[in-house]
């Protein structure tokens, strides 16, 4: 079981690296597009469909970042009451919130899958590039599945069914 948990954590790390590379590519494309707009007088121009590529690239990157953010404890918390609770209360809140978020991720992944099938069935495309929209849904679905695996792995560690990888650290005071 611990090997599977470690694999899920490792996969979340790789997905975050992919998200970072994708966001870097989107940033470079934005710079090229804006520069092209500024240099129209010498025959250059914007990247066709730049805003479509930004929308798709950012959505994919976010879904690839979220599993790592969750596992590292980088999500937002409201500490006003939490920090004054006894240890058992903190653990109960973490367990309940993580179970609820696992449910949210499972439902979101299911609906993303259904949406992808619908976009594919109706052959929906982006306006400028005529890129099939289901491609973006499919890429986002990969990130969502990785997110589900991360939540499942973390939930298993919370309930003592497995252990986090050796040397694993999170943000101070989280988990």
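One residue is enough: does the stretch 61-77 have a residue meeting the conditions farther than 30 Å from residue 170 by Cα, buried (at least 17 other Cβ atoms within 10 Å of the Cβ), within 15 Å of the chain's Cα centre (by Cα) and modelled with pLDDT of 95 or more? Full working, then the answer.
So the first thing to find is which residues in the stretch 61-77 are farther than 30 Å from residue 170 by Cα, and the list is none.
Taking every residue of the stretch 61-77 in turn, none turns out to be farther than 30 Å from residue 170 by Cα, buried (at least 17 other Cβ atoms within 10 Å of the Cβ), within 15 Å of the chain's Cα centre (by Cα) and modelled with pLDDT of 95 or more.
With at pLDDT 95 or above, surrounded by fewer than 18 Cβ atoms within 10 Å (Cβ to Cβ) and not in a loop (DSSP other than H, G, I, E, B) as the only criterion, which of 144, 138 stands out?
Numbers: 144 fails: surrounded by fewer than 18 Cβ atoms within 10 Å (Cβ to Cβ).
Going through 144, 138 in turn, just one is at pLDDT 95 or above, surrounded by fewer than 18 Cβ atoms within 10 Å (Cβ to Cβ) and not in a loop (DSSP other than H, G, I, E, B): 138.
For every residue, the table says whether it meets (1) over 22 Å from the mean Cα position of the chain (by Cα); (2) surrounded by 11 or more Cβ atoms within 10 Å (Cβ to Cβ); (3) at pLDDT 95 or above; (4) within 17 Å of residue 158 (Cα to Cα).
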site	(1), (2), (3), (4)
81	yes, no, no, no
87	yes, no, no, yes
113	no, yes, yes, no
119	no, yes, yes, no
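Against the conditions (1) without any contact (Cβ under 8 Å) to a residue 60 or more places away in the chain; (2) in contact with a helix residue (DSSP H, G or I) (Cβ under 6 Å, 6 or more places away or on another chain); (3) in a helix (DSSP H, G or I); (4) within 22 Å of residue 130 (Cα to Cα), where does residue 105 fall short? Just the number, please.
(4)
Test residue 125 against the criterion of being surrounded by 12 or more Cβ atoms within 10 Å (Cβ to Cβ), without any contact (Cβ under 8 Å) to a residue 40 or more places away in the chain and either under 22 Å from residue 8 (Cβ atoms) or under 22 Å from the mean Cα position of the chain (by Cα) (or both), and give yes or no.
Details: surrounded by 12 or more Cβ atoms within 10 Å (Cβ to Cβ): yes; without any contact (Cβ under 8 Å) to a residue 40 or more places away in the chain: yes; either under 22 Å from residue 8 (Cβ atoms) or under 22 Å from the mean Cα position of the chain (by Cα) (or both): no.
Spelling it out, it is not the case that residue 125 is surrounded by 12 or more Cβ atoms within 10 Å (Cβ to Cβ), without any contact (Cβ under 8 Å) to a residue 40 or more places away in the chain and either under 22 Å from residue 8 (Cβ atoms) or under 22 Å from the mean Cα position of the chain (by Cα) (or both).
Being without any contact (Cβ under 8 Å) to a residue 24 or more places away in the chain and assigned to a helix (DSSP H, G or I) is the filter here, so list the residues in the stretch 108-122 that pass it.
Narrowing the stretch 108-122 to residues without any contact (Cβ under 8 Å) to a residue 24 or more places away in the chain: 110-111, 114-115, 117-122.
Hits for the stretch 108-122 are 110, 111, 114, 115, 117, 118, 119, 120, 121.
The values are calculated or read from the model by the stated rules, or taken from the named source; none is laboratory data. Since we're looking at a predicted model, the values are computed, not measured. Cβ: placed from backbone, ideal geometry, glycine included. Neighbour counts: every protein chain shown.
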